[in-house]
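To keep things clear, I will list the structure first and then write my remarks on it.
The values are calculated or read from the model by the stated rules, or taken from the named source; none is laboratory data. What you see is a predicted model, and the numbers here were worked out from it, not measured in a lab. Cβ sites come from the backbone with ideal geometry, for glycine too, and all protein chains shown count toward neighbours. Note: areas computed on protein heavy atoms with side chains; ligands, DNA, RNA excluded. Shrake-Rupley method; radii C 1.70, N 1.55, O 1.52, S 1.80 Å.
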Amino acid sequence: MSLRVLNPNAEVLNKSAALHMNINAAKGLQDVLKSNLGPKGTIKMLVGGAGDIKLTKDGNTLLKEMQIQNPTAIMIARTAVAQDDISGDGTTSTVIFIGELMKQSERYIDEGMHPRVLVDGFEIAKRATLQFLEKFKTPVVMGNEPDKEILKMVARTTLRTKLYEALADQLTDIVVNGVLCIWKPEEALDLFMVEIMHMRQKFDVDTRLVEGLVLDHGSRHPDMKRRAENCHILTCNVSLEYDKSEINAGFFYSNAEQREAMVAAERQQVDERVRKIIELKNKVCSGNDNNFVVINQKGIDPPSLDLLARAGIIALRRAKRRNMERLVLACGGEAVNSVDDLTPDSLGWAGLVYEHIIGEEKYTFVENVKNPHSCTILIKGPNDHTIAQIKDAVRDGLRAVKNTIEDEAVVLGAGAFEVAARQYLVNEVKKTVQGRAQLGVEAFADSLLVVPKTLAENSGLDTQDVIIALKGEHDRGNVVGLNQHSGDPIDPQMEGIFDNYSVKRQIINSGPVIASQLLLVDEVIRAGRNMRKPN
């Protein structure tokens, strides 16, 4: 009422209406994303304004592409997208966990319980679950040689939730080998050193890992070779084109010879640089059948290209800066910024360099390198949405492998952790909590079961039967997950179903925080000034 006096135009939702709006928004978003969870999840088709289609079951892509108007749903979607930015996976799980927390709270609130009591219970349960996660995780010793099998299991678990099984299993090897290619002990992993390149041709199963580099352009001179073996690679950032001076100057000449001399003088600097590169080529390639490739970050003008082509050098211009870093890691040698003191030591090496043309697009492959620390995942597919789907899955797969290496731990998947944590909260933690906060712990514990419930539902199984079977096994002291084909309890360790430790920790951390904030909202007022900053 007091707000009505201050601003008669204000729209106000009071206590129960505000709370139910938040709960319904969380439940609504949960229902949208619920069917995507797990390997048996369904696919959503997003149609844009211009009729462009996007097929995906990746929660992050859905939340970014969907137009959400409800402010509560936007808040939950942002949390889930932040989850993806931090740990690379777990968006769908975050949304359905927040939705379930709100749904469980609604039962108690409708019976007259104050949200603050529930929130206190959530906080206790969150701390206890994080402590339980520390005990429950399976340590993985990385050392100097990571356990490839564990990494494959983690990548396979992630990829199967995004793509069909046969393709996911093929991409598993590609993703793990890609990360191990760039991995150096004692150094942080930089996933940018795995280039993700796509070609619109053939089928999705033709996607492969290139231990080397694929550049999205070719040579610019018709006389240059399209394929060369045993190549010395010069990676440089030197301008090999004539730069006009910034000062406007006029020159007067009285005969043709003077004009020729002026043109020669103008080009002298550039020609001198090209001559030094040709000298180095002659030095390292004389007396053998080796080839010489120049990959330059800056431009190379036609006269310079012609000089290089006559000397039998393959030259590529305007390479991306990131590719210059990748080239040095893949081929060896060093990137040079000047041609003044070129030595054979600054050259890299590749066994094969060839050009591949699809329609108007040219691609240059640099392969058979000696000791690569950079590689390219070459994604192929017949159409754009297949390629986009594989691209999203590969990114998530790379992050999953990176997380495992950095966490040095994994968590049993297939819903095993959620059921185990629920039993721990109900059987042990709840007894230590005084008063009504126990109900908050119970609501949190029941909310954890949303993951195995949803997995069962998406597989067409009976939810109650599955949960009772899983709880029974856990009460007998067996850590089991859900077999999505038969609905029977299985040992995730034997089946090789592992989740990322950091993803689980992030879900348990962020879910209750957002749910608590939404539960404590008692009035929604649409009367605020424009909160966006002025331009």
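Condition test on residue 407, is it surrounded by fewer than 24 Cβ atoms within 10 Å (Cβ to Cβ) and touching a residue at least 60 places away in the same chain (Cβ under 8 Å)?
Working: surrounded by fewer than 24 Cβ atoms within 10 Å (Cβ to Cβ): yes; touching a residue at least 60 places away in the same chain (Cβ under 8 Å): yes.
In short, yes.
Would a scan of the range 360-380 turn up a residue that is closer than 30 Å to residue 57 by Cβ and either of a type in the set (Lys, Arg) or part of a loop (DSSP other than H, G, I, E, B) (or both)? Break it down stepwise before answering.
Filtering the range 360-380 for residues closer than 30 Å to residue 57 by Cβ gives 361, 363, 375-380.
Filter once more, so that each one left must be either of a type in the set (Lys, Arg) or part of a loop (DSSP other than H, G, I, E, B) (or both): 380.
Yes, the range 360-380 contains at least one residue that is closer than 30 Å to residue 57 by Cβ and either of a type in the set (Lys, Arg) or part of a loop (DSSP other than H, G, I, E, B) (or both).
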Pairs where the first residue, in the range 196-211, is free of Cβ contacts under 8 Å to residues at least 40 places away in the same chain and the second is surrounded by 18 or more Cβ atoms within 10 Å (Cβ to Cβ), C-beta under 9 Å, 6+ apart: 205/167; 205/380
Single condition residue 399 does not satisfy, out of (1) open to solvent by 20 Å² or more (accessible area, probe 1.4 Å); (2) in contact with a helix residue (DSSP H, G or I) (Cβ under 9 Å, 6 or more places away or on another chain); (3) over 29 Å from residue 150 (Cβ atoms); (4) touching a residue at least 40 places away in the same chain (Cβ under 8 Å): (3)
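Would you pick out the residues in the range 504-533 that are among the basic types (Lys, Arg) and either crowded, with 20+ Cβ neighbours inside 10 Å or at pLDDT 65 or above (or both)? So that I can check it myself, show each step before the final result.
Of the range 504-533, the ones among the basic types (Lys, Arg) are 504-505, 526, 529, 532-533.
504, 505, 526, listed by residue number.
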Cross-chain or 6+ apart pairs with Cβ under 6 Å, the range 293-309 first and without any contact (Cβ under 8 Å) to a residue 40 or more places away in the chain, then not in a strand (DSSP E or B): 307/274
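Can you tell me which residue among 437, 420, 443 is within 23 Å of residue 513 (Cβ to Cβ), touching a residue at least 40 places away in the same chain (Cβ under 8 Å) and under 32 Å from the mean Cα position of the chain (by Cα)? Step through it out loud before you land on a result.
Numbers: 437 fails: under 32 Å from the mean Cα position of the chain (by Cα); 443 fails: under 32 Å from the mean Cα position of the chain (by Cα).
Criteria check complete, one pass: 420.
So for the range 125-138 (the condition being of a type in the set (S, T, N, Q), touching a residue at least 40 places away in the same chain (Cβ under 8 Å), closer than 27 Å to residue 18 by Cβ and open to solvent by 20 Å² or more (accessible area, probe 1.4 Å)), does at least one residue qualify? Before you say what the answer is, go through the steps one by one.
Filtering the range 125-138 for residues of a type in the set (S, T, N, Q) gives 129, 131, 138.
Those still in the list that are touching a residue at least 40 places away in the same chain (Cβ under 8 Å) too: 129, 138.
With closer than 27 Å to residue 18 by Cβ added as a condition, the list becomes none.
There is no residue in the range 125-138 that is of a type in the set (S, T, N, Q), touching a residue at least 40 places away in the same chain (Cβ under 8 Å), closer than 27 Å to residue 18 by Cβ and open to solvent by 20 Å² or more (accessible area, probe 1.4 Å).
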Residues being modelled with pLDDT under 80 and of a type in the set (Gly, Ala, Ser) - total across the range 149-168: 0
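Yes/no per residue for (1) within 28 Å of the chain's Cα centre (by Cα); (2) in the same structural domain as residue 127 (by TED's automatic domain parsing); (3) at pLDDT below 80:
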residue: 333; (1), (2), (3): no, no, yes
residue: 343; (1), (2), (3): no, no, yes
residue: 353; (1), (2), (3): no, no, no
residue: 381; (1), (2), (3): yes, no, no
residue: 387; (1), (2), (3): yes, no, no
residue: 398; (1), (2), (3): yes, no, no
residue: 405; (1), (2), (3): yes, no, no
Of the criteria (1) surrounded by fewer than 18 Cβ atoms within 10 Å (Cβ to Cβ); (2) among the hydroxyl-bearing types (Ser, Thr, Tyr); (3) in contact (Cβ under 8 Å) with a residue 12 or more places away in the chain, which one residue 454 fails: (1)
The range 468-486, residues that are surrounded by 17 or more Cβ atoms within 10 Å (Cβ to Cβ) and of a type in the set (Asp, Glu): 473
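Consider the range 425-456. How many of its residues are part of a helix (DSSP H, G or I), touching a helix residue (DSSP H, G or I) at 6+ places or on another chain (Cβ under 7 Å), under 21 Å from residue 504 (Cα atoms) and not polar (S, T, N, Q)?
Step one: filter the range 425-456 for residues part of a helix (DSSP H, G or I), giving 425-432, 437-448, 450-456.
Keeping just the survivors that are touching a helix residue (DSSP H, G or I) at 6+ places or on another chain (Cβ under 7 Å) gives 425-426, 429-430, 437-448, 450-454, 456.
Restricting the remaining residues to those that are under 21 Å from residue 504 (Cα atoms) gives 425-426, 429, 440-448, 450-454, 456.
Now drop any that are not not polar (S, T, N, Q), which leaves 425-426, 429, 440-446, 448, 450-453, 456.
Residues meeting the conditions: 16.
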Residue in the range 249-256 that is touching a Lys or Arg at 6+ places or on another chain (Cβ under 6 Å) and either more than 29 Å from residue 373 (Cα to Cα) or not assigned by TED's automatic domain parsing to the domain that holds residue 218 (or both) present: yes
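Please find, within the range 83-101, the residue that is surrounded by the most Cβ atoms within 10 Å (Cβ to Cβ) out of those that are modelled with pLDDT under 80 and among the small types (Gly, Ala, Ser).
Taking the range 83-101 first, the residues modelled with pLDDT under 80 are 83-90.
Applying the additional criterion that residues be among the small types (Gly, Ala, Ser) yields 87-88, 90.
Details: 87: 22, 88: 24, 90: 27.
Across the range 83-101, the extreme among qualifying residues is 90.
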